[in-house]
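Single-structure report; data block below.
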Amino acid sequence: MVIYGVALLSICMLAGMVIGELLGMAIGVKANVGGVGIAMLLLILASDRLKKDFRLDEWSQQGIGFWSAIYIPIVVAMAAQQNVVAALKGGPAAVLAGTLAVIASFALVPVITRIGQPRGEMVSDDGTLAVKSGE
Amino acid sequence: MLETLGDILVKNGLVTAFAVVGVTIWISYWLSAKLTRGRLHGSAIAIIIGLIVAYAGGVMTGGTKGIADVPLLAGIGLMGGAMLRDFAIIATAFGVSFGEIRKAGISGVIALFAGIVVSFVVGAVVALAFGYSDAVSMTTIGAGAVTYIVGPVTGAALGASSDVMALSIAAGLIKSILVMIGTPFVAKSIGLDNPRSAMVFGGLMGTTSGVAGGLAATDPKLVPYGAMTATFYTGLGCLMAPSVLFIATRAVMG
């Protein structure tokens with residue numbers, strides 16, 4: 001049943017949010033720490049397990065697949081409700097701070113990707129991921 | 001007649017949003033194919049259109065939620081709000097290989113710390129260059145360059161003035177918008193084409209909306225990896241900015 005997949009997704013999200021909130025409280029910050037990330041890990045582990053036992057049938061998987069596929073339209077709606085006016089109103093100081101932070105972070109991507117790479121694995125291992133592209 | 005139509009659209013806001021976003025994406029893919037021969041991804045164009053209408057909406061209504069402040073399009077606010085956004089992001093993790101995440105885990109953690117410190121320092125130095133030479137203002141603006149949530153949280157904790165807070169939010173918003181637009185253009189040159197670099201990317205950028213939009217416009221199958229690390233960034237930033245980063249700033253500024 002489709003709803004089983006949707007419910008599994010929902011339960012993972014709620015559990016992740018609760019853990020993230022507790023984690024934030026534990027370290028004393030007013031923010032959810034990693035709630036979404038934890039929920040993602042829960043979903044990966046749960047679906048892996050259920051698929052092995054053949055308890056997550058095709059229909060249930062479609063319940064999750066739909067939300068995964070609707071992700072880009074949701075991001076477009078998200079873009080359409082950003083406070084772009086406020087961002088530009090911040091003037092040159094805000095624009096410069098934001099822009100330079102992005103440029104510096106972009107530049108660090110290849111550097112840190114290399115740091116974490118175990119030796120002997122420098123050859124790119126693109127082939128290992130066989131997720132079907134949604135588009 | 002027109003009034004009835006408007007009523008129906010307002011009453012069924014979320015459904016209206018699905019229709020409007022669907023048409024927008026259709027137009028974007030058409031533009032992508034016709035004008036750029038597919039070189040600029042259709043979703044990148046859709047996100048840019050989204051940001052432009054967000055600006056128009058903000059100017060028209062004076063509100064803070066972009067086009068979602070227009071009553072007819074209020075459903076966009078629900079569709080693209082934090083709840084459904086997080087729901088869909090989590091769904092993208094379905095089918096991801098756990099091994100891949102474990103392999104790149106350390107890089108992701110390093111990226112998180114490096115990303116926060118680098119963005120903070122850049123923001124604080126820009127603040128200093130514009131004459132904000134006290135440690136509290138520098139820390140708040142630096143924290144804004146981390147994300148637009150870390151900025152005000154830090155500013156409130158340190159007692160920063162409201163104009164500095166506004167500036168820090170603006171810096172964070174600029175960052176998130178730039179990541180959304182810029183990522184597909186730089187993806188190739190920074191090697192953003194595999195799960196590992198996507199996790200590093202998420203950790204370095206940190207802005208959830210920026211990473212979500214930027215990766216969607218680059219390669220949708222990288223989204224879960226980037227989102228996974230990015231989601232820890234704001235929490236870690238809220239922890240570090242008012243504490244260690246503030247103390248360090250104060251020490252440097254005397």
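Based on the Stokes-Einstein relation at 4 °C and a viscosity of 1.567 mPa s, and on the Kirkwood radius from alpha carbon pairs, region A:1-75 is assigned a translational diffusion coefficient of 99 µm²/s. Sorting A:Val33, B:Val200 by the number of Cβ atoms found within 10 Å of their own Cβ, with the fewest placed first, yields A:Val33, B:Val200. Computed from phi, the 3J(HN,Hα) profile of region A:106-111 under the Karplus parametrisation 6.51, -1.76, 1.60 (θ = phi - 60°) reads 4, 5, 7, 3, x, 4 Hz, with x in place of Gly and Pro. Averaged over the residues of B:49-55, the number of partner chain Cβ atoms lying within 10 Å of the residue Cβ comes to 6. Ordering B:Leu158, A:Leu45 by the number of other Cβ atoms within 10 Å of each residue's own Cβ, fewest first, gives A:Leu45, B:Leu158. Sequence-ordered 3J(HN,Hα) estimates for region B:70-84 from the Karplus curve with 6.51, -1.76 and 1.60 and θ = phi - 60° stand at 7, x, 5, 10, 4, x, 4, x, 6, 4, x, x, 4, 5, 5 Hz, glycine and proline given as x. Ellipsoid fit via the Cα gyration tensor, chain B: semi-axes of 33, 25, 16 Å, each the root of five times an eigenvalue, largest first.
Max-minus-min Cα coordinates of region B:128-249 on each principal axis give 42, 24, 19 Å, with the largest extent listed first. Over 22 Å between Cα atoms, which of A:Lys89/B:Lys175; A:Lys89/B:Lys11; B:Lys103/B:Lys221; B:Lys34/B:Lys65; A:Lys30/A:Lys89 qualify? Beyond 22 Å between Cα atoms: A:Lys89/B:Lys11; B:Lys34/B:Lys65; A:Lys30/A:Lys89.
Treating r as the C-beta distance of B:Met60 and A:Ile103 and R0 as 30 Å, the FRET efficiency rounds to 0.40. Altogether, the Stokes-Einstein calculation at 25 °C and 0.890 mPa s, with the Kirkwood radius of the protein assembly as shown over Cα pairs as Rh, returns a diffusion coefficient of 116 µm²/s.
Amide H contacts under 5 Å for B:Val70: none, restricted to partners 5 or more places along the chain or on a different chain, H placed in the peptide plane at 1.01 Å from N. P(r) tail, region A:47-88: Cα-Cα pairs separated by more than 13 Å, 67% of all pairs. Rounded to the nearest whole Hz, the Karplus-based 3J(HN,Hα) values (6.51 cos²θ - 1.76 cosθ + 1.60, θ = phi - 60°) of region A:56-68 follow the sequence 10, 6, 3, 5, 4, 5, 5, x, 7, x, 4, 5, 5, with x at glycine and proline.
Peptide B:228-238 has a mean shielding of 6, counted as Cβ atoms of other protein chains within 10 Å of each residue's Cβ.
Annotation: average projected area of region B:1-136 is 13.7 square nanometres, based on the convex hull of Cα atoms across all directions. As a proxy for reagent exposure, B:Met138, B:Met205, A:Met25 were ordered by neighbouring Cβ count within 10 angstrom, fewest first; the result is A:Met25, B:Met138, B:Met205. Counting Cβ atoms of other protein chains within 10 Å of each residue's Cβ and taking the mean over peptide B:12-20 gives 1. Summing charges over neighbours of A:Gln81, with a neighbour being any other residue whose Cβ is under 9 Å away from its Cβ, gives 0 when K and R count +1 and D and E count -1. Charged side chains reduced to their Cβ positions (Lys and Arg at +1, Asp and Glu at -1) give the protein assembly as shown a dipole of some 500 debye around its Cα centre.
Between amide H atoms placed 1.01 Å from N, distances below 5 Å from B:Leu192 occur with no residue 5 or more places distant or on a separate chain.
Taken together, the values in this text are just the output of simple stated rules run on the coordinates, not laboratory data. These numbers come from a predicted model, not from an experiment. Heads up, the Cβs are rebuilt from the backbone with ideal geometry, glycines too, and the neighbour counts pull from every protein chain shown.
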